[in-house]
Every structure is written in structure tokens, then in C-alpha cells.
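Asker: Below is a structure I'd like to ask you about.
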Amino acid sequence: MKEDLIWQVRHFVYQHFVDTTHPPSVDETAKNFNITNEEASDLYLELHNRHAFFLDLETLNIRMANPFSGIPTDFKVHVNEKTYFANCAWDMLGIPAALHTDAIIEAKFTESNENVEIQIQNGKLRITDYALLIHFPLPFSRWYDDLVFT
């Protein structure tokens, strides 16, 4: 396995997220690099093991490529006429930061299921009518103990 190919695949995955709002499949990645599905699967697993992204190990679908979520969540980030899903409150702020753009974020409070809208304008957080606190149930050092829960 070539080390440079690993990072090219990672870049492809992130660019695919940016362009389409969802992750590429193993098959799409294999076709893009003119490699077999088995080789693409091995690269996905290696990137998962390096915490470059997080896979559903049964399907090898990309569940998370932080800050992007491969599945719908309660954290919608609207940017440039596209809607991305973030994995958590931290990542909902990471998407506009990574894309260097303004955003409108729709999120749900976990406790009450109440919706909140947050705007990012010129790199600054704009919140109306709320005093927000983001809570992380585990310290960062334990996030990979159960990344989906965290």
C-alpha cells in the first residue's frame, strides 16, 4: 500500500463531501483511482485505523470524516446552497470554518428537542434569542472509546 495513495484517497473523500455533501462509496473511490474495490476497501480501513475518518465496519460506508457526517443528524449546516450534516455541535462550527464561508446552522437541543438557528458571518458566531452551551459527555481523550455516542 503506497503511503501517498492513502492521503490521495483521504483528499478525494473530503473533496467529494465538499462537492456533493455526502461521502463517496468504496466503488466510487476505486473507479476514481483505477484500483480494485478490495484495494479501495483496504485504504478505507487503513484511514479508519489512523482516525482519518470513521467507518461503519459492516458496510465500509464512511460515517464520519470530521467535521462532515455521512448520515443525517440533528446538525444541518447550510452553505452556498448546499446542506451538510455535522456529527455534533463542535463539527457544526467546523464545517463553515473548513470551507472558509458563511453558514446558517440548524441544530436541535438534545434535552428539549427545541430547534436553534446559528449564523456564521465573516467568521463570527451570530446567535439570537439563545444563550448556548455545548456539552461534551466525555473528555476528548475518550472520544474514540465510543465515537458515535460522543
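Asker: Suppose we flag trypsin sites (Lys or Arg not before Pro) only when DSSP calls them loop and at most 16 other Cβ atoms lie within 10 Å. Which is the longest uninterrupted stretch of the chain?
Answerer: 51-150
Asker: What's the center-to-center distance, using Cα atoms, between the stretch 1-46 and the stretch 47-102 in Å?
Answerer: Using only Cα atoms to place each centre, the spacing works out to 16 Å.
Asker: Quick one: if you stick a label point 7 Å off each Cα along the C-beta vector at Thr83 and Gln121, how many nm between them?
Answerer: The answer from the label model is 2.3 nm.
Asker: Given N residues in the chain, what is its alpha carbon radius of gyration divided by 2.2 N^0.38 Å?
Answerer: 1.11
Asker: Return P(r) of the stretch 3-65 (all Cα-Cα pairs; 5 Å bins starting at 0; whole %; ordered from short to long distances).
Answerer: Values per bin, smallest distances first: 4, 21, 35, 28, 12, 0.
Asker: Rounded to the nearest 500, what is the chain's calculated 222 nm mean residue ellipticity when only DSSP H runs of at least 4 contribute -39500 (n - 2.57) each, over all residues?
Answerer: Result for the chain, helices only: -10500 deg cm²/dmol.
Asker: Normalising by the residue count of the stretch 3-65, find the relative contact order in percent from Cα pairs under 8 Å and 6+ residues apart.
Answerer: 27
Asker: Using r as the Cβ-Cβ distance of Leu60 and Ser112, and R0 as 30 Å, what FRET efficiency do you calculate, to the nearest 0.05?
Answerer: 0.25
Asker: OK, next. Suppose a student asked you for the relative contact order of the chain, using Cα pairs under 8 Å spaced at least 6 residues apart; what percent would you report?
Answerer: The value is 12 percent.
The numbers here are math on the coordinates, done by the rules we state, and not lab data. Small disclaimer: the values here were computed from a predicted structure and weren't measured. As a convention, Cβ positions derive from the backbone with ideal geometry for all residues, glycine included, and neighbour counts pool all protein chains shown.
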